[in-house]
Amino acid sequence: MSSTFKYFAYGSNLLEKRIHINNPTAKRICIALLKNYRLDFSYWSNRWGGNAATIVPDDSSFVWGAVWEIDNSNSDDLDRQEGTFKGVYKAIDVHVENLEGMLLKCRSYQLCDLPQYSPSLPVTRYPSKVYLNTILEGAVESQLPEEWVEFIKSIPNNGFEGPVNYQLDD
C-alpha cells in the first residue's frame, strides 16, 4: 500500500503556501484536466468572506487544476481543512488527465450541497476578492493554461479583500 495519495486541487489549494498550512508534505507533481465537471461557487465561508469553490458534474465543461502528492499522515488534516467532518465538503475520487495524456486517480473535494446551474453566477454565490486572488495566484504558480487563468480573472467577486483568518473552521 502506498504511503501517499494524489489530490486534485482547483481552488485555494492550488497555491503552495496555502496547501502547506495544513499539509506540509504536499508536493505538486503536475497539472491536469478534470473533464465533465464545471467550477462553481456556493456555501458561504467565514474564513474567506465569500462563497467557496466546488466542482459540479457537467458534461459540457472541464476544470484545470494541480495534482499534489501528499503523505497519508496528512489525510485527516486535508479532510479537516475541507470541512468533511462538518458536512461541508465530501471527498470524492476523480480521474484527471495530465499533459502527457495519462489518467490519474485523485482525491478531490466537492461541496455536499451542490449549486444548480446558472448561465451567470448569482450575486448571492460570489466568492470574495481575496479568495479569487488566492486561486488566481495558485493557477499562475501551478502554470495552468492561460485560457484558464483568464477564466478565473473573469469570475465576479463580492469585493471583500480580507484579512483572512486561516484559523477559522470554514
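The values are calculated or read from the model by the stated rules, or taken from the named source; none is laboratory data. A quick note: this is a predicted structure, and the numbers were derived from the prediction, not measured. All Cβ positions, glycine included, derive from the backbone under ideal geometry; neighbour counts span all protein chains shown. Ligands, DNA and RNA are stripped out before the accessible areas are found, and what is left, the full protein with its side chains, is counted by its heavy atoms. Shrake-Rupley method; radii C 1.70, N 1.55, O 1.52, S 1.80 Å.
Number of residues in region 1-37 that are more than 14 Å from residue 62 (Cα to Cα) and touching a Cys at 6+ places or on another chain (Cβ under 9 Å) equals 3.
Annotation: of all residues in region 43-75 being out of contact with any Ser or Thr (no Cβ under 6 Å at 6 or more places or on another chain) and among the charged types (D, E, K, R), the one that is most open to solvent (accessible area, probe 1.4 Å) is 59. Kindly evaluate residue 28 against the criterion of being open to solvent by 20 Å² or more (accessible area, probe 1.4 Å), closer than 20 Å to residue 157 by Cα and among the charged types (D, E, K, R). In short, no.
Among the residues of region 119-170, the ones that are at pLDDT below 95 and open to solvent by less than 40 Å² (accessible area, probe 1.4 Å) come to 3 in all.
Residues that are within 10 Å of residue 32 (Cβ to Cβ), outside any strand (DSSP E or B) and in contact (Cβ under 8 Å) with a residue 40 or more places away in the chain within region 91-117 comprise just one, 99.
Quick one: in region 103-113, of everything that is open to solvent by 60 Å² or more (accessible area, probe 1.4 Å) and of a type in the set (A, V, I, L, M, F, W, C), which residue is nearest to residue 4 (Cα to Cα)? It comes out as 103. For region 26-49, filtering for residues that are in contact with a Phe, Trp or Tyr (Cβ under 9 Å, 6 or more places away or on another chain), of a type outside the set (Gly, Ala, Ser) and farther than 20 Å from residue 96 by Cβ leaves 4.
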